[in-house]
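Step one of this worksheet: look at the structure below.
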Amino acid sequence: MGSSFVVGRPLAADARQLLTHQQYSEDDDVSTNGGYRVGMPRASTPRWLDEREAHLWRSWIRTVHALEAAIAEQLHRDSGLSAADYAVLVELTEADDGACRARDLGLALFWARDRVSHQVRRMEQRGLVVREECAEDARGTIVRLTSAGRTAIERAAPNHVAATRACFFDVLSDGEIDLLTDIVDRIHANLVEG
């Protein structure tokens, strides 16, 4: 991996990792990443982050990772589910008939096909989901929520919501929630729409 710079200084390897989106492998393309512009054009002359921008960027990355870790720890401690289990169960409970194509599950979660396949296989072994053939496409797979999967998410959800509130919403005022929502929606739109 080449040198990365913020504020004109080289970064240590661990800091470089914070500045790259680790969910996607180098061979993933936009079609497997939910339409996000992962491969953005390189600038011929870099516009280094100033101190204020670098502070915000690093704080944002640290906060996202800390939130993910806190929520994942709570989920596992209270329900035995991993964050990945919970993410899949949420998508399936919100889908028609508790089922969706594996491809669509990957797009919704920004996961590569292999990650979806491995996660679904692990969950199937525990009885949380089942895989079925897709009637419209012989190559496709349908992932369906089982009654055990529904029970697992129904048991996990109350503590998960409580942890989400404690870690995130309880430290924000109503006005800050509105402002942060506008900001995050604008950043998301920029990534999706370009």
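Of the trypsin sites (Lys or Arg not before Pro) in segment 86-194, the ones in a loop by DSSP (not H, G, I, E or B) with at most 16 other beta carbons within 10 Å are R126, R139.
Pull out a ≥ b ≥ c, the square roots of the eigenvalues of the alpha-carbon gyration tensor of segment 105-194, then state rounded if a/c is under 1.5, prolate if not and a/b is larger than b/c, and oblate in the remaining case. Oblate. Residues whose amide H lies under 5 Å from that of L49, counting only those 5 or more places away or on a different chain, are V7, G8; hydrogens are built 1.01 Å from N in the peptide plane.
In order along segment 69-74, the phi-based Karplus estimate (6.51 cos²θ - 1.76 cosθ + 1.60, θ = phi - 60°) of 3J(HN,Hα) comes to 5, 5, 5, 4, 5, 4 Hz; Gly and Pro are listed as x. What number comes out for the charge environment of V184, summing +1 per Lys or Arg and -1 per Asp or Glu over other residues with Cβ under 13 Å away? Every neighbour counted, the sum reads -3.
Each value in this text was obtained by applying a stated rule to the coordinates, not by laboratory testing. Keep in mind the model is a prediction, meaning the values are calculated, not measured. So basically every Cβ, Gly included, is an ideal-geometry build from the backbone, and we count neighbours across all protein chains shown.
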